[in-house]
Amino acid sequence: MSSPKTSNMSKSSGLADTRREAVEGAKLNRRQTLQFLGCLSVTGGMSVAGCEANRQSNAEPSPPAAPRVLSEAEFALLSRLTELIIPKTDTAGAIEAKVPEYIEAEIAVNPQYYVGDDLRVLFADGLRWIDAASQAKFKRDFLQLNESEQYRLLEPLCAAADAGELRGRSVQFMRTLKNMTVDGYYTSQVGLMDELRYQGNTPQAEFANCAVQPHHAKPSEF
Amino acid sequence: MKRDYEVIVIGAGASGGTAASHLARAGVDVLVLEGGPRIQTQTDFNTHGLPFEYPRRVIPIMRPGKPGFDSPRSCGVGGKTLLWNAVALRYSQRDFKGATREDAGMDWPIDYADMAPYYSKVEREVGLCGQRDGLEDLPDGEFLPPAPLKCSDEILQRGAARLGIKLIHVRKATLTRFTNGRPACHYCGNCMAGCDIVAKYNSADVQLYPAERETGKLEIRENSIVYELAVDNESRVSEVKFFDRESGERAAVRGRKVIMACSCEQSVGLLLMSKSSRFPNGLGNNSQQVGKHFIPHVVCQIEGFLKELIGKSTGNDEGFLDHAYIPSFMHDRQRDYPRSFGIQLGYHNRRRAMWARQVRGMGASFKQAVRERYPAFMEVAGYMEMLPNSESFIDLDPVETDQYGLPRTRARWHLTDSDWKRWRDMRRWCIKIMEESGAELLRDDEKPLGNHALGGCRMGANARTSVVDAHCRVHEVLNLYIVDGSVFPSASEKNPTLTMMALAARVADHIAQEFKRGGAQS
């Protein structure tokens, strides 16, 4: 699927071109916005230069490496599970998006909002259950199964979690695993920018209303 | 810093900022005491942060090392206006006289006609955008052009219209044209992370700092946490006692008049903390009305995906968050509960996709399903009024204190059968409008949420059933006023901040006139 910014110009209709130009023309990149602001006298003695400098120092300094709470074997199994939930397609999957690292760091912090459970216990139990279920069904550990067998084992668990049937510990584990995989992937750079193609957080001089938004075109028209 | 002022204003948010700046511009000598720090709007917020820039994917409000918003007592100069969504709606006569109309709750002791000139004054001062819709129940204001509706808004507009319901442009205290030295909004979707260009109104950059610079009558003392109002033998506030948030050093100042604008819970809390032999239940509380009649807005949220937008491409469409609003329609219709609700919609930004958890399945088809739904996500939030009842009130926690050693406030609200009928009908209508607009709905947990704390020091003519009079003066304390959301005797379903600001402007005018007449004995 091509990105909206590149297109088969020769294939698109004149109307699509006009729409796209209107959208592009309405966008200001950040430098243009700051120059625009620089011409105005604004209250409170704000300086435009301040905006630029602070954009660069926006991110926190790199934190020290998160403590490891999973064994190598557990981490490998977790990684595979996340990749099965969000695999590599035309964009990166969970492993490339460093979702296993995100999940392990969250387990180490054991935040309150995954409430009711000590995440370390839930994940230790859950990962162990996965291998036990794999042995029971296929006489092999989970990582020794082929992809089709791995999906056969997980899909009913996922369906139960999606349906909200959270009585069993294994389903609770699946629910938490899917939640954290989804959270970690779609807030990653790869997930938000490449997969979802987030376009916001970008100043524009006018808000493009419904008529000129690219929503009306299917992606292939761009 | 002096010891004596004509007026002391406690709190530098929407109400405090309006009252203090208007008084200073009228020539009155004002001190503002604000619990939190001064915040540099353009540099201190993580306005443009993205989740992947942070290991835990949560974007802190303040940049590293910048103080602000560390407790409800100490947000900062500008208060919650630094982070608010800026929806700005006028209340109507139905809102001011709801009890007369429907025999439920309590009337305000003022009319829409009393407030109209102050709504206009504040709107012209800070800049509002919106469309003149000519609706009796949602009076038009002084508007800059509205922001255009989004695709999702237009889809809902068509769906709502098929149900006989009107969807309009939202009204916001955000500029859509360059006005008074402030730029127009550039639709970056970060309103609630701190508008670093001040296109969105905040009381610090738009009212307080200009008045401080231009009048010579306004002094702002930040990092000043007021912990007690002392009272004299004539039931007048004699001293405003505060300590410095950083050094802990204590001090006191005197004002001929004192205006509390601490925000709903904090104003109640300050009165309850100010006990004395004359006022053993807390200042102004011999009537035992302080803290009572707490009436926050009660909310339902319905989320889903608009089928018309599933599979379409993504645009830069965060805008200034919500661009549309569905005003109350039930107030004119047959129903089995009094009062009404309105619906806010489309206020999400697109950098979090929490809803992805609820998309079914796993694997490549799941990933595709999330991708297709990303541009189609839409939500509506019904906001309803609740009526006062004996189980909804604010008090002080007898045990828990905050980081400053001051008692925390506790706010609890409870829905009566009548409120539940309204909430369920509101939820039913939200679902119906979404479904009529072709939405694939997500599961909601069917639990009411609270937002917009209101009530606790309500206005009224009768000193036995209210805390302040029609000029927001505390019945029992002749030189004390309250101008924040705590004084609302009824909540309406409409966002309350513009009404707080108009009320503050009215009170400031009243006090300034009194000083001019040379009165101000009280």
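The values are calculated or read from the model by the stated rules, or taken from the named source; none is laboratory data. Since the structure is predicted, the reported quantities are computational estimates derived from the model, not experimental observations. Cβ placement follows ideal geometry from the backbone for every residue including glycine, while neighbour counts extend to all protein chains displayed. The protein model used for the area step is the full one, side chains on, heavy atoms only, and it has no ligands, DNA or RNA in it. Shrake-Rupley method; radii C 1.70, N 1.55, O 1.52, S 1.80 Å.
Numerical summary
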quantity	calculated
Evaluated at q = 0.09 Å⁻¹: base-10 log I(q)/I(0), Debye formula over Cα of chain B	-0.64
Table column - 3J(HN,Hα) (Hz), the stretch B:352-366, Karplus curve with 6.51, -1.76, 1.60, x for Gly and Pro	10, 10, 4, 5, 4, 4, 8, 6, 6, x, 8, x, 4, 5, 5
Of all accessible heavy-atom area on the protein assembly as shown, the percent that carbon and sulfur account for (1.4 Å)	50
Alpha carbon Rg of the stretch B:55-144, scaled by the compact-globule rule 2.2 N^0.38 Å	1.52
For the stretch A:147-152, Karplus couplings with θ = phi - 60° (6.51, -1.76, 1.60), whole Hz, Gly/Pro x	4, 4, 5, 5, 5, 4
Total accessible surface hidden between A and B, rounded to 100 Å², 1.4 Å probe	6500
Residues whose placed amide H lies under 5 Å from that of residue B:5, excluding near-sequence neighbours	B:254, B:255, B:256
C-alpha long axis of helix B:14-25 to longest principal axis of chain B, angle in °	50
Cα convex hull volume per residue for the stretch B:1-157 (Å³)	213
Solvent-accessible surface (1.4 angstrom probe) belonging to residue B:471, in square angstrom, nearest 10	60
Residue list for the stretch B:260-296, given a label point 7 angstrom along the Cα-to-Cβ vector of residue B:416 and an amide N cut-off under 17 Å	B:292-296
Qualifying trypsin sites (Lys or Arg not before Pro) in the stretch B:388-445, DSSP loop, other Cβ atoms within 10 Å at most 12	B:443
Per-residue [θ]222 nm for chain B (sum of -39500 (n - 2.57) over DSSP H runs n ≥ 4, rounded to 500)	-7000 deg cm²/dmol
R0 of 30 Å, Cβ-Cβ distance residue B:4-residue B:111: FRET efficiency to nearest 0.05	0.25
Cβ neighbours within 10 Å from other chains - mean over B:382-392	0
Residue pairs, from the table B:97/B:275; B:80/B:257; B:121/B:217, whose Cα atoms sit over 28 Å apart	B:97/B:275
Cys with no candidate disulfide partner in chain B (beta-carbon separation under 4.7 Å rule)	B:75, B:129, B:185, B:188, B:191, B:195, B:262, B:264, B:300, B:430, B:457, B:472
Residue-averaged beta-carbon neighbours from other chains (10 angstrom radius) around B:40-49	5
Quotient of Cα Rg and 2.2 N^0.38 Å for the protein assembly as shown, N being how many residues it contains	1.01
Pair residue B:140, residue B:402: separation of 7 Å Cα→Cβ label points (nm)	4.2
Separation of the residue A:129 and residue B:462 label points, Cα + 7 Å toward Cβ, nm	5.9
Long-range HN-HN contacts of residue B:32 with modeled amide H, under 5 Å	B:9, B:219, B:220, B:221
Whole-Hz ³J(HN,Hα) from phi, Karplus 6.51 cos²θ - 1.76 cosθ + 1.60, for the stretch B:300-317, glycine and proline x	10, 10, 10, 10, x, 10, 7, 4, 4, 10, 5, x, 7, 8, 7, x, 8, 10
